[in-house]
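Trainee: Questions regarding the structure given below will be posed in turn.
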Amino acid sequence: MKKRIFALVDCNNFYVSCEKVFKPSLEGQPVIVLSNNDGCIISRSNEAKQLGIKMAQPVFQCKELIAKHNIQIFSANFVLYGDMSQRVMNTLRRFTPELEIYSIDEAFLSFTNFIPKDIIRNSKKIRDVVKQWTGIPISIGIGPTKTLAKVANKIAKKHTEFGGVFDITNHPRKKELLSNLDVIDVWGIGRQFARFLGKHRIKNVLQFINADEKWVKENMTVGGLRTLLELKGVPCADIDEVHDSSKTILSSRTFAQSIREVSDLKEAIASYVSIAAEKLRAQKLVASMIHVFVTTNRFNRKNYYSNSYYLELSEPTAYTPILISYASRALDEIFKKGYEYKRAGVLLTGLCPTHSVQRSMFPGMTSELQEKKNRLMSFIDRLNFRWGRGTVKSCAAGINKVWDTVQSQRSPRYTTNWDELLTVGF
């Protein structure tokens, strides 16, 4: 049996890199991408990092730095980023059939069938091809376990001398590099465990690897022990090519400006339900419960209000109008006049595959009508996928949306919207 070899591919500064693909003049400049409503920083170029810009830092705290260094700012363009992510993943699939998409900018690959002496060379080829075909720079970490591959990826990014590719398996500097890596940088160790380990003088990865297994299990549960074993080279997780269905689907936003009227709040909730229902259908799932929540500005404690309400559906469904109807009823239960609402959202729970739904003895609609509604939703989803989300939507979601998010500096959706295609002047 061949020894398992894993690789973790990570797109460098992904959101910023996507912007650079279509605007090469940004190369070498400090660039940041902002979250919804242009609130916090969610991606930074290396130049912005060197200036002291922190991840998740509110942008208003950086006004002086931005002005002084002419930092380029972009609003989040998630439609573009999602499409670029798909292009990167499709490129990676050409090199190995075993691929697990871990996040929008990360994927695990299996290199088990690669000849060991050729792994670095092939990894550099993958890196070059992804850059050539998509414009996105990537780093590749290689190891005998997924956790070690993650660690190797961090080293590949941190140490430029490795050229963006690092194999930790039998590297002569392995102990030295691990001793210079903070334990919080290990996949599976959060801030709480990092603080706990720090109190016991375990601050770097090498110190954690040398910790007693029984002590780790007693204090960090089985999950901590699995992390330790993976760092020691014992595989505890394989490539997951088929993901489990979601247990919940959340759609929530912070409003660009506070909302006082229930009609505006209902439009926002209807819009969020539509997004959640689209995700539900994409996974071939239906929901049996809906949870609606609202909250005012959490920094205004004198006039603060937050509440939520659950409703169980009469039948599991992914049909947007029915879900909007239930969400509206739930909102009526918790809305209070006199408050300025800053955030709202919808959580769909009790999810199960469409094919496994047991119909009620007294169904609310005939099978023929159900099939027509399924076809309608499928048609709308295809239109919105092709022409952009919101091209076709429920009237309940409103037209003039006072609650919509601010994206004052969003770049065009170059790859998914005909009206925003890149133009070249001569």
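Trainee: Return the residue satisfying two criteria in turn: it lies in the stretch 155-196 and is of a type in the set (G, A, S) and in a helix (DSSP H, G or I), and of such residues it is nearest to P116 (Cα to Cα).
Mentor: A156
Trainee: Which residue, of A211, A152, is among the small types (G, A, S) and either over 27 Å from K49 (Cα atoms) or assigned to a loop (DSSP other than H, G, I, E, B) (or both)?
Mentor: Criteria check complete, one pass: A211.
Trainee: If you don't mind, another one. Looking at (1) of a type in the set (F, W, Y); (2) assigned to a loop (DSSP other than H, G, I, E, B); (3) touching a residue at least 40 places away in the same chain (Cβ under 8 Å), which one does F299 not meet, given that it meets all the others?
Mentor: (3)
Trainee: Can you find, within the stretch 15-56, the residue that is surrounded by the most Cβ atoms within 10 Å (Cβ to Cβ) among those that are at pLDDT below 90 and not hydrophobic (A, V, I, L, M, F, W, C)?
Mentor: In the first step, residues of the stretch 15-56 are kept if they are at pLDDT below 90; the result is 35-40, 56.
Still in the running and not hydrophobic (A, V, I, L, M, F, W, C): 35-39.
Values: S35: 17, N36: 18, N37: 18, D38: 21, G39: 15.
Here the residue is D38.
Trainee: Has the stretch 177-197 got any residue that is surrounded by fewer than 17 Cβ atoms within 10 Å (Cβ to Cβ), more than 27 Å from V9 (Cα to Cα), of a type in the set (D, E, K, R) and over 24 Å from the mean Cα position of the chain (by Cα)?
Mentor: Yes: the stretch 177-197 contains one or more residues that are surrounded by fewer than 17 Cβ atoms within 10 Å (Cβ to Cβ), more than 27 Å from V9 (Cα to Cα), of a type in the set (D, E, K, R) and over 24 Å from the mean Cα position of the chain (by Cα).
Trainee: A follow-up question, please. Within the stretch 323-336, can one find any residue that is surrounded by 14 or more Cβ atoms within 10 Å (Cβ to Cβ) and among the basic types (K, R)?
Mentor: Checking the stretch 323-336: not a single residue is surrounded by 14 or more Cβ atoms within 10 Å (Cβ to Cβ) and among the basic types (K, R).
Trainee: Only residues that are farther than 22 Å from I53 by Cβ and buried (at least 17 other Cβ atoms within 10 Å of the Cβ): list them for the stretch 69-82, please.
Mentor: The answer is V79, and nothing else.
Trainee: All but one of (1) surrounded by 15 or more Cβ atoms within 10 Å (Cβ to Cβ); (2) assigned to a loop (DSSP other than H, G, I, E, B) hold for R226; state the number of the condition that does not hold.
Mentor: Only one criterion is unmet by R226, namely (2).
Trainee: Let me ask you something else. Inside the stretch 387-404, can you point out the residues that are more than 27 Å from S314 (Cβ to Cβ) and either loosely packed, with under 11 Cβ neighbours inside 10 Å or at pLDDT 85 or above (or both)? Full working, then the answer.
Mentor: Just the residues of the stretch 387-404 that are more than 27 Å from S314 (Cβ to Cβ), to begin with: 387-391, 399-404.
The answer is I399, N400.
Trainee: Across the stretch 331-366, which residue is modelled with the highest pLDDT among those that are more than 28 Å from the chain's Cα centre (by Cα) and aliphatic (A, V, I, L, M)?
Mentor: Within the stretch 331-366, the match that is modelled with the highest pLDDT is I334.
Trainee: Go over the candidates E106, E64 one by one and state the one that is without any contact (Cβ under 8 Å) to a residue 12 or more places away in the chain and not polar (S, T, N, Q).
Mentor: Numbers: E106 fails: without any contact (Cβ under 8 Å) to a residue 12 or more places away in the chain.
Answer to the check: E64.
Trainee: So which pairs qualify, if the first residue must be in the stretch 254-275 and outside the structural domain of S328 (by TED's automatic domain parsing) and closer than 13 Å to V292 by Cα, the second must be of a type in the set (D, E, K, R) and assigned to a helix (DSSP H, G or I), the Cβ gap must be under 8 Å, and the two must be at least 6 apart or on different chains?
Mentor: If the second residue must be of a type in the set (D, E, K, R) and assigned to a helix (DSSP H, G or I), no pairs are left.
Trainee: If you don't mind, there's one more thing I want to ask. Does A287 satisfy being closer than 20 Å to G398 by Cβ and surrounded by 16 or more Cβ atoms within 10 Å (Cβ to Cβ)?
Mentor: Considered against the rule, which asks whether it is closer than 20 Å to G398 by Cβ and surrounded by 16 or more Cβ atoms within 10 Å (Cβ to Cβ), A287 comes out as no.
Trainee: Residue check, Q29 against (1) touching a residue at least 24 places away in the same chain (Cβ under 8 Å); (2) assigned to a helix (DSSP H, G or I), all met but one. Which one?
Mentor: (2)
Trainee: Can you pull out the residues in the stretch 133-166 that are surrounded by fewer than 24 Cβ atoms within 10 Å (Cβ to Cβ) and over 19 Å from V186 (Cα atoms)?
Mentor: W133, T134, G135, I136, P137, T160, E161, F162, G163, listed by residue number.
Trainee: Let me ask another. Scan Y305, Y341 and give me the residue that is without any contact (Cβ under 8 Å) to a residue 40 or more places away in the chain and either touching a Ser or Thr at 6+ places or on another chain (Cβ under 9 Å) or farther than 19 Å from F379 by Cα (or both).
Mentor: That would be Y305, the only listed residue that is without any contact (Cβ under 8 Å) to a residue 40 or more places away in the chain and either touching a Ser or Thr at 6+ places or on another chain (Cβ under 9 Å) or farther than 19 Å from F379 by Cα (or both).
Trainee: Right, another one. Residues in the stretch 89-102: is at least one within 23 Å of V129 (Cβ to Cβ), under 21 Å from the mean Cα position of the chain (by Cα), surrounded by fewer than 21 Cβ atoms within 10 Å (Cβ to Cβ) and of a type in the set (F, W, Y)?
Mentor: Checking the stretch 89-102: at least one residue is within 23 Å of V129 (Cβ to Cβ), under 21 Å from the mean Cα position of the chain (by Cα), surrounded by fewer than 21 Cβ atoms within 10 Å (Cβ to Cβ) and of a type in the set (F, W, Y).
Trainee: Among the residues of the stretch 111-120, what is the count of those that are within 28 Å of the chain's Cα centre (by Cα) and either in a helix (DSSP H, G or I) or surrounded by fewer than 19 Cβ atoms within 10 Å (Cβ to Cβ) (or both)?
Mentor: 1
The values are calculated or read from the model by the stated rules, or taken from the named source; none is laboratory data. Note that the structure is a prediction, hence the values are computed from the model and not measured. When we count neighbours, we look across all protein chains shown, and the Cβ atoms used for this are built from the backbone with ideal geometry, even at glycine.
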